[in-house]
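Below is one structure, written out as structure tokens, with a few remarks after it.
Just so you know, all these numbers are worked out from the coordinates, no wet-lab data involved. Since the model is a prediction, treat every value here as computed from it, not as a measurement. So basically every Cβ, Gly included, is an ideal-geometry build from the backbone, and we count neighbours across all protein chains shown.
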Amino acid sequence: MDGGMGVVRRKRSNNRLDDPARLETDRHIGDRIRVRRALLGLSQERLGDAVGVTFQQIHKYERGTNGVSAALLWRIAEVLDVPVSFFYDGLGDGSVTRTLPSLRVVRVARAIEQVKPTVAVALTDLIEAIGSTSDFLEPDYMPRQPAA
């Protein structure tokens, strides 16, 4: 519509999926929530209870499916014992996404912390030795089956 002034106005879309920057931000914040929650050993249900939402909502926030409001992000930061700025660290430069540990790495680290120090050292050495063997790095690597 030009409203008689020759100005054409487009309707703004409120669909967050139409805005790549907004989608990237929601995913980035969700990744940071997920990793911090996992590092603390909190379930989605426990985090949700602590901030007053369902575990399904926490799941959606972590996947970036839903954006987190400022007030809720503040509560999440308090429960996860980080400043709100933690969730924005590295946003837009791609560095944090590359450096965030996977949940598998978090699980391994938490498991190693639970064993005796001598066992933890042996496990760390084993993992490093496996990682330095190129056969284990191949995407189609399948371990050999023991002989019957």
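Details
- Order of Val108, Val119, Val68, Val51 under a 10 Å beta carbon neighbour criterion, fewest first: Val119, Val108, Val51, Val68
- Stokes-Einstein diffusion for the stretch 14-100, with the hydrodynamic radius set to the Kirkwood value over Cα pairs and evaluated at 10 °C in a medium of 1.306 mPa s, equals 123 µm²/s.
- One decimal place: the segment Glu24-Thr65 gains 13.7 nm when fully extended, by the rule 0.36 nm per residue minus the C-alpha distance.
- Residue-span extension gain [Ala122 to Arg107] - 0.36 nm each, minus C-alpha spacing: 3.7 nm
- Multiplying the residue separation of Ser43 and Ala129 by 0.36 nm and subtracting their alpha-carbon distance yields 27.8 nm.
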